[in-house]
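Working notes, structure below.
The values are calculated or read from the model by the stated rules, or taken from the named source; none is laboratory data. Because the structure is predicted, anything quoted here is derived from the model rather than measured. Ideal geometry is used to build each Cβ from the backbone, glycine not excepted, and the neighbour counts take in all protein chains shown.
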């Protein structure tokens, strides 16, 4: 019963949140995403600054590398926002129990991916745009979340 109540509260809380499950891959959504740059239903980030967010997820398998892909959908057109090392591999910022543990991930254990996303000043500004954060292992998507963002 307690689990059912918690799930209901999470569903209601995320209904008006800045993040959501990816519509084409809802089974790989994190259970929660938090960031000081985000509130209500939008994240606001400044170019030349670092976006820090924590995505909580329980992986179903062990992964030794987790490739990061960030895509902004500007006017519906997907624009890849490339990541530089070490931020191109989420294993470099994977936490479990509050400690940096890296990879391999432990199946059925709660992990927190600390997203450290530097926003170059060369990126275009955009307002109220969907930005997708994905992790893949061996080409297979293992985590996917969309956030609504404004880039100043």
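Residue-wise test of (1) out of contact with any strand residue (DSSP E or B) (no Cβ under 6 Å at 6 or more places or on another chain); (2) touching a residue at least 24 places away in the same chain (Cβ under 8 Å); (3) surrounded by 18 or more Cβ atoms within 10 Å (Cβ to Cβ).
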site	(1), (2), (3)
44	no, yes, no
55	no, yes, yes
64	yes, yes, no
75	yes, no, no
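Picking from residues in segment 37-59 that are under 17 Å from residue 128 (Cα atoms) and assigned to a loop (DSSP other than H, G, I, E, B), the one that is modelled with the lowest pLDDT is 40.
Only a single criterion out of (1) in contact with a helix residue (DSSP H, G or I) (Cβ under 9 Å, 6 or more places away or on another chain); (2) loosely packed, with under 15 Cβ neighbours inside 10 Å; (3) over 22 Å from residue 131 (Cα atoms) is not satisfied by residue 104, namely (2).
The residue pairs whose first member lies in segment 88-113 and is at positive phi and at pLDDT 95 or above, whose second member is in a helix (DSSP H, G or I) and surrounded by 14 or more Cβ atoms within 10 Å (Cβ to Cβ), and whose beta carbons are closer than 7 Å, counting only pairs six or more residues apart or on different chains, are 102/91; 102/92. It is to be established whether one or more residues within segment 16-28 are part of a loop (DSSP other than H, G, I, E, B), more than 19 Å from residue 144 (Cβ to Cβ), in contact with a strand residue (DSSP E or B) (Cβ under 8 Å, 6 or more places away or on another chain) and modelled with pLDDT of 90 or more. Looking through segment 16-28, none of the residues is part of a loop (DSSP other than H, G, I, E, B), more than 19 Å from residue 144 (Cβ to Cβ), in contact with a strand residue (DSSP E or B) (Cβ under 8 Å, 6 or more places away or on another chain) and modelled with pLDDT of 90 or more.
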